[in-house]
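Everything on this sheet refers to the single structure shown next.
The values are calculated or read from the model by the stated rules, or taken from the named source; none is laboratory data. Predicted model, so just to flag it, every value in this text is computed and none were measured. Here the Cβ positions follow ideal geometry from the backbone for every residue, glycine too, while neighbour counts run over all protein chains shown. All accessible areas refer to the heavy atoms of the entire protein, side chains included, with ligands and DNA or RNA removed. Shrake-Rupley method; radii C 1.70, N 1.55, O 1.52, S 1.80 Å.
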Amino acid sequence: MKNLIKLKGIVETVPTLSHKINEIEFYTFDLKVEDGKKTFILPVIDRNYLTNNQYKQGDFISIDGEIRTRDIKDEEDKKHLIVNVYAQKIDLIENIDEKVFLNKVNLSGNICNKRLRETKNGNTTCNSKLSVTRINGKRSDYIPLILWNNLAKEFDTFEIGTEKSVTGKLQSREYIKGDISHTIIEVNVIKINS
């Protein structure tokens, strides 16, 4: 199983303490990554922020890491999937020639679910989750995917439980349901690997 993400972008928010596990502090911040006309704000978790305190809000950085997920319950006891970038390595980029936005994801895992549908404007989309086992083998992350048109139709032909490898980019998008604004973070698949 593979779970790799490589990002280059701008630190959008001040890193703040997110949580502690066994006295290890995890900090979170938002990273701004641009892709042509679109801008994505992606949440990042860094367990080494205090020892690698070389970056701050507004800095251009490079991140190598994994996509991590966890379920949380809201006030009404409904489950929500939280998606973060778990940074394993962060480098400050100071050379102007290297300040180029990057957003690349490579995943390999088992298909958990999928739903093929047609949008109002006639595009075909497939929403799915890929179960990717972590390196320690103790837990899996359920990473949301979105595929479009021919890729969506191809992905829909695979059976639930099939192991697949995909390449794409992590994106965030917002929608309003009722009076409540929601943010979805998912991998926009651009290639299904053989």
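For the stretch 42-104, trypsin sites (Lys or Arg not before Pro) meeting the loop criterion (DSSP other than H, G, I, E, B) and having at most 10 other Cβ atoms within 10 Å: K78. Percent relative contact order of the chain, based on C-alpha pairs within less than 8 angstrom and at least six residues apart? Here the relative contact order equals 20 percent. Accessible surface for the stretch 1-122, divided over its residues, is 60 Å² per residue with a 1.4 Å probe. The charge dipole of the stretch 117-175, taken about the Cα centre with unit charges on the Cβ atoms of Lys, Arg (+1) and Asp, Glu (-1), comes to about 260 debye, rounded to the nearest 20. Simple point charges give the picture: +1 on the Cβ of Lys and Arg, -1 on the Cβ of Asp and Glu, and for the chain a dipole about the Cα centre of about 560 debye. Pairwise inverse Cα distances across the stretch 46-159, averaged and inverted, put the Kirkwood hydrodynamic radius at 17.1 Å. The 3J(HN,Hα) values that the Karplus relation (6.51, -1.76, 1.60; θ = phi - 60°) gives for the stretch 97-113 are, in residue order, 5, 8, 7, 10, 4, 9, 8, 9, 10, 10, 10, 9, x, 9, 5, 8, 7 Hz. Gly and Pro appear as x.
Every helix of 4 or more DSSP H residues in the chain counts as -39500 (n - 2.57), and over all residues that averages to -1000 deg cm²/dmol at 222 nm.
Between the residues I67, N193, G36, the greatest Cα displacement towards the positive end of the dipole of the chain, with unit charges on the Cβ of Lys, Arg, Asp and Glu, is found for N193. Distant-in-sequence amide contacts of I93, defined by a placed amide H-H separation under 5 Å and a gap of 5 or more residues or a different chain, comprise F60, I61, S62. Enclosing the Cα atoms of the stretch 151-194 in their convex hull gives a volume equal to 104 cubic angstrom per residue. The loop-placed GluC sites (Glu not before Pro) in the stretch 132-194, going by DSSP, that have at most 11 neighbouring Cβ atoms within 10 Å of their Cβ come out as E159. Protein heavy-atom surface of the stretch 1-144, 1.4 angstrom probe: 45% of the accessible area is carbon and sulfur, with nucleic acids and ligands not counted.
Note on the chain: Cα convex hull, mean projected area over all directions, 13.1 nm². Shape summary: the stretch 110-194 maps onto an equivalent ellipsoid whose semi-axes, from the alpha-carbon gyration tensor, are 22, 18, 11 Å in decreasing order. If the viscosity is 1.306 mPa s and the temperature 10 °C, what translational diffusion coefficient in µm²/s does Stokes-Einstein give for the stretch 3-64 when Rh comes from Kirkwood over Cα pairs? Answer from the Stokes-Einstein relation: 129 µm²/s. With R₀ set to 25 Å, the beta-carbon distance separating E159 from L81 gives a calculated FRET efficiency near 0.65. Applying a threshold of 23 Å to the alpha-carbon distances of K32/K56; K20/K169; K32/K99 flags K20/K169 as lying beyond it.
For F101 and N123, a Förster radius of 22 Å and the Cβ-Cβ distance give a FRET efficiency of 0.30, rounded to the nearest 0.05.
Pick from I45, I67, I176 the residue whose mean-square fluctuation is largest in a GNM of the chain, springs joining Cα atoms under 10 Å. Looking only at I45, I67, I176, the biggest GNM fluctuation is shown by I176. For the stretch 89-194, the relative contact order comes to 26 percent (Cα pairs under 8 Å, sequence separation of at least 6).
Please give the residues of the stretch 22-63, grouped as numeric ranges, whose backbone N is less than 13 Å from a label point set 7 Å along the Cα-to-Cβ vector of H182. Label zone hits: none.
Counting every alpha-carbon pair across the stretch 47-106, the share separated by more than 20 Å comes to 44%.
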